[in-house]
Amino acid sequence: MTLPLLEVRGLSKAFGGLRAVSGVSFDLAAGEMLAMIGPNGAGKSTCFNMVNGQLAPDAGSVKLAGTELVGQRPKAIWRLGVGRTFQIAETFASLTVLENVQLALLSHAHRVFRFWRPAREQFRDEALALLANVGMAPQAERAMSVLAYGDVKRVELAIALANQPRLLLMDEPTAGMAPRERNELMALTRRLAIEQQIGVLFTEHSMDVVFAHADRMIVLARGELIASGAPAEVRDDPKVRQVYFGMGTTFENAEPAHA
């Protein structure tokens with residue numbers, strides 16, 4: 001029996017008297033897109049940050065291909081093969097597209113340098129290859145500051161791939177993007193996940209993105225996991241509908257792409 005790429009068991013976290021996450025467990029396979037959804041305050045960000053090592057859980061286990069991540073620093077987790085993108089893209093606006101990716105590759109290779117110029121030619125080919133993967137190689141020499149936001153998110157994805165991740169964590173990856181850009185970015189992510197057998201865990205508020213691109217979904221409410229399964233199953237789950245009822249969110253026109 002093949003073990004899951006990511007195994008989360010009994011993950012819990014409280015802040016004072018507030019229990020933000022309580023006993024959350026789920027698996028993620030290589031090459032799979034798993035969406036984590038829930039209303040505001042459901043515990044998504046807390047759960048997400050515990051998987052990434054930015055928050056230490058009060059209880060529970062997070063294993064990547066059998067290796068325990070709980071107790072390790074985010075940098076160590078990154079080196080084990082966990083990439084991440086953020087709701088607000090984290091790039092260096094004063095550098096070029098190529099230089100941003102080169103910096104990520106230098107960091108992964110443990111290269112220490114004091115000045116940028118001596119490092120300009122290091123990992124150039126590797127950086128261009130990553131940019132080609134996300135369709136940004138033609139803009140390699142442009143400054144990040146002049147890019148459209150959708151292109152910035154593509155560069156951020158290339159940076160996240162610099163450590164050859166087995167697991168990719170994407171926090172609100174399409175926030176601030178137009179509908180067409182949203183679906184293009186997630187379609188690109190799906191292609192890379194399948195081709196490179198990367199497991200992708202993402203949080204997302206846009207239900208059209210979730211239902212179009214997720215293989216499976218998990219739903220949190222008040223810190224607890226209330227539903228999991230294929231998009232069609234989750235869409236029809238009474239508990240999920242009750243949680244979202246009255247919030248202006250509807251699943252009626254959300255059609256799972258992989259049903």
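Taken together, the values in this text are just the output of simple stated rules run on the coordinates, not laboratory data. The model shown is predicted, which means the values in this text are computed figures rather than measured ones. Glycine also receives a Cβ, built like all others from the backbone with ideal geometry; neighbour counts cover every protein chain displayed.
Working from label points 7 Å from Cα in the Cα-to-Cβ sense, the Arg241 to Ala65 distance is 4.2 nm.
Only lysine pairs 8 or more places apart, or on different chains, with alpha-carbon atoms under 22 angstrom apart are counted in the chain, and they number 9. Seen against the Cα atoms of the chain and their longest principal axis, helix 149-160 is set at about 80 degrees. Cβ-Cβ distance of Ser94 and Ala232, R₀ of 41 Å, FRET efficiency by 1/(1 + (r/R0)^6): the value works out to about 0.35.
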